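Asker: Okay, handing you the structure first.
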Protein chains: 2
Amino acid sequence: MIDVQADAAHNRMVVTFVAEPALAVDAAMAGAAVATARIDLRRHQGEHPRMGATDVVPFVPFADLPMRVCIDLAHDFGARLWTQLRIPVYYYGDAARRPERRELEKVRRGGFEDLAGHIDDPDRAPDEGSSEVHPSAGATAVGARIPLIAYNVNLKTTDLQVAKEIAKTIRASSGGLPNVKALGFELADRGLVQVSMNLTDFRVTNIWKVFNVIRDEARRRGVEVEASEIVGTIPLAAAVGVVKDAVVEPAFRMDQILEKRVWAEE
Amino acid sequence: MIDVQADAAHNRMVVTFVAEPALAVDAAMAGAAVATARIDLRRHQGEHPRMGATDVVPFVPFADLPMRVCIDLAHDFGARLWTQLRIPVYYYGDAARRPERRELEKVRRGGFEDLAGHIDDPDRAPDEGSSEVHPSAGATAVGARIPLIAYNVNLKTTDLQVAKEIAKTIRASSGGLPNVKALGFELADRGLVQVSMNLTDFRVTNIWKVFNVIRDEARRRGVEVEASEIVGTIPLAAAVGVVKDAVVEPAFRMDQILEKRVWAEE
């Protein structure tokens, strides 16, 4: 277990664990069984969208594991969720079986309550299981993906419109930077606004690129960057990518990190 | 063993190994015994300054090991070099016993031939052993220090004077950036010049700072940076430092690197 995050407003817990591939599905099943026993979505409220007591389970390759392995683990886990816990499953990300299900937001749109009423629509049929949600545990999105990076840039203004405009300029869905999701928020207690992002493929669009585009867009509006925030963990490859970009060192490699070389030997 | 570098022009081999503190001195002694048996400085030539068959042995803390432990290892190793191999020893870096011996260059100035003629000068008396060099193996500098970073910035000009001027501007010894050693070189075959550096304490002056100062100095002279080169390995903390500096993320920590968190658990 390397990380657990939970807060009352979201009423949601994010658990991150690392396991050998041969053990990962058993571990995830053990977690899903507890969530199914303890959480009843009919009596659950929270700010974060959700459709399942076990809401979303992404398998993420660590170090040099091929994505193919994570896709197979996702499909194995999804099949067991249905056969053992009777929870219908939607595959997303690299494990998606329908192209329109690659994006988690699309799979989860409307949440548990909406899905319960429409799961028998042909285009909402689960990838595993029958067209009926589990009465208390709903349905689960099971995926395979590379690590996401949660990244925010704070701007020295109280004008929320600036953050919203920049978020719109950079987000992929409105023609901005590929693999970037972005929203503008107010940080009222700090007198700042924030462009809050998920970078869904740092190999395509990494932190350095995003930071510079936002700084330039802010300056065009007469606003300076206060600071940026990397939320939670990032892969070593993403940090190495920032070094490459920031000091124009295209040949820099992960195994030039001293600790990587030593740890990889162990 | 994590790295071995050797080339004919320098006629010198740099061996990097990682060991538990309890084994590090034995391992270094085994290496020094081979060098003493095989290398005769009376018949040795090479471009790199040297005063010993085992020329310099720095103990470098890895991960969270305190520097104090490396200083003790250096002193233990130095005492054994003298008692077991009859090689006189000079302590440098954080293991120095005289303040004027902190800098390796000062300890090694003049090399084997010069030292052999002057080791009985009071200010050249070894920290371990008598005032006489080992006939074939000379003397050894034994130190404790944090990892050095070898870092070069290449400039799009053939004017060597630009690289030399910038090197002089930034090097610590002429009042530039602290903990920076710098020289200007020609890369004739590539039509470039290079500012070649050692960063002796990346916690004080890191890659990002140096890159930007050189870029600005070059631009003032109408010259652009071509690219930069990180030579060999750098500690993870240095890469994390570049991320912090480059995207103004002062709170970013090493344990936000996913692999660090996992490897540190093992």
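The values are calculated or read from the model by the stated rules, or taken from the named source; none is laboratory data. These numbers come from a predicted model, not from an experiment. Heads up, the Cβs are rebuilt from the backbone with ideal geometry, glycines too, and the neighbour counts pull from every protein chain shown. Areas reflect the complete protein model, heavy atoms only, side chains present, ligands, DNA and RNA absent. Shrake-Rupley method; radii C 1.70, N 1.55, O 1.52, S 1.80 Å.
Asker: Gap in Å between the Cα centre of the range B:214-257 and the Cα centre of the range B:51-100?
Answerer: Going from one Cα centre to the other spans 31 Å.
Asker: Work from the charge dipole of the range A:51-99 (Cβ charges, +1 for Lys and Arg, -1 for Asp and Glu, about the Cα centre) and give the residue of A:A63, A:Y90, A:L73 farthest towards its positive end.
Answerer: Of the listed residues, the answer is A:Y90.
Asker: Quick check for me: using +1 on Lys/Arg Cβ and -1 on Asp/Glu Cβ, what's the dipole size of the protein assembly as shown about its Cα centre, in debye to the nearest 20?
Answerer: Its charge dipole is roughly 1000 debye.
Asker: Let me know the charge dipole size of the range B:127-266 about its Cα centre in debye, to the nearest 20, where only the beta-carbon of Lys, Arg (+1) and Asp, Glu (-1) is charged.
Answerer: 540
Asker: Additional query: Shape of the range B:47-87 from its Cα gyration tensor (a ≥ b ≥ c, root eigenvalues): rounded if a/c is under 1.5, otherwise prolate when a/b > b/c, or oblate?
Answerer: oblate
Asker: Using a label point 7 Å beyond Cα on the Cα-Cβ vector, give me the inter-copy distances for B:G117 in nanometres, one decimal, shortest first.
Answerer: For B:G117, the inter-copy label distances come out at 9.7 nm.
Asker: How well do other chains shield peptide B:145-157, expressed as the mean number of their Cβ atoms within 10 Å of each residue Cβ?
Answerer: Per residue, the number of nearby Cβ atoms from other chains is 1 on average.
Asker: Additional query: Of the options B:I149, B:Q45, B:G111, report the single residue whose Cα projects farthest towards the positive end of the charge dipole of the range B:45-163 (beta-carbon charges: Lys, Arg +1; Asp, Glu -1).
Answerer: The residue sitting most towards the positive pole is B:I149.
Asker: In nm to one decimal, list the spacings between the A:D40 label point and its equivalents in the other copies, with label points set 7 Å along Cα to Cβ, shortest first.
Answerer: Inter-copy label distances (nm, one decimal, shortest first): 9.1.
Asker: Would you please classify the overall shape of the protein assembly as shown from the alpha carbon gyration tensor, given that a ≥ b ≥ c denote the square roots of the eigenvalues, rounded means a/c under 1.5, and beyond that prolate means a/b larger than b/c while oblate covers the rest?
Answerer: Taking the square roots of the gyration eigenvalues as a ≥ b ≥ c, the protein assembly as shown is prolate.
Asker: Which of the helices in chain B, when you take each full DSSP H run, stretch at least 24 Å along the axis at their Cα atoms and have an average Kyte-Doolittle score of -1.0 or higher?
Answerer: Within chain B the helices that satisfy the rule are B:21-38, B:67-85.
Asker: Moving on to the next point. Based on alpha-carbon atoms only, what is the radius of gyration of chain A relative to the globular estimate 2.2 N^0.38 Å?
Answerer: In units of the globular-protein estimate, chain A measures up at 1.10.
Asker: Please compute, for peptide B:207-217, the average count of beta-carbon atoms on other protein chains lying within 10 Å of each residue's beta-carbon.
Answerer: Mean partner shielding for this stretch: 2.
Asker: Using the charge dipole of the protein assembly as shown (Lys, Arg: +1 at Cβ; Asp, Glu: -1 at Cβ; taken about the Cα centre), state which of A:S130, B:F211, B:A22 has its Cα farthest towards the positive end.
Answerer: Toward the positive end, the furthest listed residue is B:F211.
Asker: Based on the Cα gyration tensor of the range B:202-266, what are the three equivalent ellipsoid semi-axes, each the root of five times an eigenvalue, rounded to whole Å and given largest first?
Answerer: With the √(5λ) rule applied to the range B:202-266, the semi-axes are 29, 13, 9 Å.
Asker: Using only alpha carbon pairs under 8 Å that are at least six residues apart, calculate the relative contact order of chain A and give it in whole percent.
Answerer: 15
Asker: Using only the Cα atoms, work out Rg/Rh for the range A:1-138, with Rh taken as the Kirkwood radius, to two decimals.
Answerer: Using Cα coordinates only, the ratio equals 0.94.
Asker: Inter-copy label distances at B:E103, 7 Å along the Cα→beta-carbon direction, one decimal in nm, shortest first?
Answerer: Inter-copy label distances (nm, one decimal, shortest first): 6.1.
Asker: Net charge around B:V248, counting only other residues with Cβ within less than 11 Å of its Cβ (Lys, Arg = +1; Asp, Glu = -1)?
Answerer: -3
Asker: Tell me, what ³J(HN,Hα) does each residue in the range B:40-48 have, in order and in whole Hz, if you take phi through Karplus 6.51 cos²θ - 1.76 cosθ + 1.60 with θ = phi - 60° and put x for Gly and Pro?
Answerer: In residue order, the calculated couplings are 10, 5, 5, 10, 10, 9, x, 6, 8 Hz.
Asker: What does the convex hull of the Cα atoms of the range B:145-188 come to per residue, in Å³, rounded to a whole number?
Answerer: 73
Asker: Enumerate the calculated ³J(HN,Hα) couplings along the range B:190-201 in order (Karplus 6.51 cos²θ - 1.76 cosθ + 1.60, θ = phi - 60°), each rounded to whole Hz, writing x wherever the residue is Gly or Pro.
Answerer: 9, x, 10, 10, 9, 9, 9, 9, 10, 9, 8, 8
Asker: Which value, in Å², gives the accessible area per residue of chain A when a 1.4 Å probe is used on the protein heavy atoms?
Answerer: Using a 1.4 Å probe on heavy atoms only, each residue of chain A averages 48 Å².
Asker: Which value, in debye to the nearest 20, describes the size of the charge dipole of chain B about its Cα centre when Lys and Arg Cβ atoms bear +1, Asp and Glu Cβ atoms bear -1, and nothing else is charged?
Answerer: The calculated dipole for chain B is roughly 520 debye.
Asker: Find, to one decimal place in angstroms, the Kirkwood hydrodynamic radius of the range B:123-221, where the mean of 1/r is taken over every pair of different Cα atoms and then inverted.
Answerer: One over the average 1/r among Cα pairs gives 15.4 Å for the range B:123-221.
Asker: Residues with amide H under 5 Å of A:L177's amide H, sequence separation 5 or more or different chain, H placed in the peptide plane at 1.01 Å from N; which?
Answerer: HN-HN under 5 Å from A:L177: A:R171, A:A172.
Asker: When Cβ neighbours within 10 Å are restricted to other protein chains, what is their mean count per residue of peptide B:221-233?
Answerer: That average works out to 3.
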